[in-house]
Amino acid sequence: MFQLTDRVAIVTGSGSKRGIGRTIALTLARQGAKIVVADLNMEGIEETVQAVKEAGGEALGVELNVTDQASVDAMVSKVLEAYGRIDILVNNAGISQKVTVQDMTLEDMTRIFTVNMFGLFLCTQAVLETMKKQKYGRIVNLSSVSAKRGGGVFGGAHYSASKAAVLGFSKNLAREVAQDGITVNCVAPGLVNTDIWKSLDEQTVKSVIAGIPMGRPGETEEIAAAIAFLASDEAAYITGEEIDINGGSHMD
Ligand SMILES: NC(=O)c1ccc[n+]([C@@H]2O[C@H](COP(=O)([O-])OP(=O)(O)OC[C@H]3O[C@@H](n4cnc5c(N)ncnc54)[C@H](O)[C@@H]3O)[C@@H](O)[C@H]2O)c1
């Protein structure tokens with residue numbers, strides 16, 4: 001089940017050392033996909049490419065700034081040159097900032113939306129023509145539990161708003177491309193066990209855990225597994241949907 005053999009998958013933000021993106025890259029590679037490791041961080045790209053290769057997979061590293069149209073177009077051209085197709089796009093690159101609305105500047109708001117929403121838009125738009133020609137595509141977008149209930153520990157209201165925008169954008173696009181063999185879905189993780197979790201003080205950890213029925217943060221593998229499913233052939237009849245992965249901290 002959930003074979004991705006020879007599928008070409010772009011994972012944005014997959015150069016993060018201990019972030020979700022690297023685990024997504026490794027998970028899709030283990031299912032047989034060829035991975036495009038796309039990130040701002042060249043050193044991180046090299047490490048992820050190496051990790052995928054060590055796991056027996058195939059990977060191409062491409063420097064990418066999701067907020068820059070020319071950079072996005074160049075990335076897509078490189079992928080098409082190398083592989084001739086694009087089957088899967090995981091829009092994982094994202095940034096957050098802990099700040100109250102009272103203290104937030106318009107610049108803060110613009111920066112968060114520029115990466116989390118406008119960057120996701122640019123990357124998505126850039127692969128549509130290819131996916132439509134193929135009559136096949138899987139787009140999986142990273143939203144967040146904070147889009148639905150607010151109150152992220154690491155993000156502000158601008159982060160929650162940008163991740164809610166991702167949900168609306170994905171549902172609208174899902175309708176637009178439903179006839180083209182392209183599905184568009186989201187995952188909405190709660191708190192995930194990345195470096196940022198380890199940086200929290202004991203008191204904050206206690207208060208966060210108190211709000212999670214399962215009593216622990218999620219693991220990157222648990223996010224990546226849902227993405228691998230949504231990216232697979234088997235998920236062909238699921239579109240415009242989001243999967244909450246949060247240990248029960250938010251239930252629709
Ligand atoms: N970690 C969590 O608890 C959590 C919870 C819910 C949602 N998410 C979402 O999951 C995704 C990954 O989160 P993470 O914790 O792994 O983050 P991370 O900071 O570890 O990794 C993000 C990656 O995105 C890259 N990036 C940032 N701006 C970019 C740009 N302009 N162009 C290209 N790449 C860029 C960074 O270089 C980095 O490698 C994000 O969209 C985040 O909002 C994370």
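The values are calculated or read from the model by the stated rules, or taken from the named source; none is laboratory data. Here the structure is a predicted model, which is why all the values come from computation and not from measurement. Heads up, the Cβs are rebuilt from the backbone with ideal geometry, glycines too, and the neighbour counts pull from every protein chain shown.
Structure values in brief
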| quantity | calculated |
| --- | --- |
| The lone exception for Gly181 - which of (1) within 12 Å of the ligand (Cβ to nearest atom); (2) in contact with a helix residue (DSSP H, G or I) (Cβ under 8 Å, 6 or more places away or on another chain) it fails | (1) |
| Residues satisfying the stated conditions in segment 116-133, i.e. surrounded by fewer than 18 Cβ atoms within 10 Å (Cβ to Cβ) and either charged (D, E, K, R) or in contact with a Ser or Thr (Cβ under 6 Å, 6 or more places away or on another chain) (or both) | Glu129, Lys132, Lys133 |
| Selected residue [within 9 Å of the ligand (Cβ to nearest atom) and closer than 20 Å to Ile20 by Cβ] from Ile88, Ile35, Ile95 | Ile95 |
| Tabulated pairs, segment 64-80, first more than 21 Å from Gly94 (Cβ to Cβ), second outside any helix (DSSP H, G or I) and within 12 Å of the ligand (Cβ to nearest atom), C-beta under 6 angstrom, 6+ apart or interchain | Lys78/Val62 |
| Counted residues, segment 194-246 - those being of a type in the set (Gly, Ala, Ser) and either under 30 Å from Asp87 (Cα atoms) or touching a residue at least 60 places away in the same chain (Cβ under 8 Å) (or both) | 10 |
| Residue list for segment 48-64, restricted to those being within 11 Å of the ligand (Cβ to nearest atom) and buried (at least 19 other Cβ atoms within 10 Å of the Cβ) | Thr48, Val62, Leu64 |
| Residue check, Ala188 of a type outside the set (D, E, K, R), buried (at least 20 other Cβ atoms within 10 Å of the Cβ) and in a helix (DSSP H, G or I) | no |
| Residue satisfying all of: in segment 166-185; within 18 Å of Ile86 (Cβ to Cβ) and not hydrophobic (A, V, I, L, M, F, W, C); surrounded by the fewest Cβ atoms within 10 Å (Cβ to Cβ) among these | Glu176 |
| Segment 135-158: number of residues that are more than 26 Å from Leu28 (Cα to Cα), at pLDDT 95 or above and either β-branched (Val, Ile, Thr) or buried (at least 23 other Cβ atoms within 10 Å of the Cβ) (or both) | 0 |
| Matching strands (runs of 3 or more DSSP E) fully within segment 1-96 where at least 3 residues are over 19 Å from Gln125 (Cβ atoms) | 34-39, 58-63 |
| Candidate set: segment 184-207, residues that are small (Gly, Ala, Ser) and within 12 Å of the ligand (Cβ to nearest atom); chosen: the one farthest from Glu242 (Cα to Cα) | Ser199 |
| Residue check, Glu222 surrounded by 15 or more Cβ atoms within 10 Å (Cβ to Cβ), touching a Cys at 6+ places or on another chain (Cβ under 6 Å), acidic (Asp, Glu) and modelled with pLDDT of 95 or more | no |
| Residue in segment 166-187 that is in contact with a Lys or Arg (Cβ under 6 Å, 6 or more places away or on another chain), closer than 26 Å to Arg22 by Cβ and among the hydroxyl-bearing types (Ser, Thr, Tyr) present | yes |
| Only listed residue being over 25 Å from Trp197 (Cα atoms), among the polar types (S, T, N, Q), more than 16 Å from the ligand (Cβ to nearest atom) and surrounded by fewer than 20 Cβ atoms within 10 Å (Cβ to Cβ), chosen from Thr105, Thr110 | Thr105 |
| Filtered residues of segment 74-101 (kept if modelled with pLDDT of 95 or more and either on the phi > 0 side of the Ramachandran plot or not hydrophobic (A, V, I, L, M, F, W, C) (or both)) | Ser77, Lys78, Glu81, Tyr83, Gly84, Arg85, Asp87, Asn91, Asn92, Gly94 |
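For (1) within 12 Å of the ligand (Cβ to nearest atom); (2) hydrophobic (A, V, I, L, M, F, W, C); (3) under 24 Å from Ser232 (Cβ atoms); (4) assigned to a loop (DSSP other than H, G, I, E, B), each residue gets a yes or a no:
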| residue | (1), (2), (3), (4) |
| --- | --- |
| Val115 | yes, yes, no, no |
| Gly119 | yes, no, no, no |
| Thr124 | no, no, yes, no |
| Thr130 | no, no, yes, no |
| Ser144 | yes, no, yes, yes |
| Lys148 | yes, no, no, no |
| Gly155 | yes, no, no, yes |
| Tyr159 | yes, no, no, no |
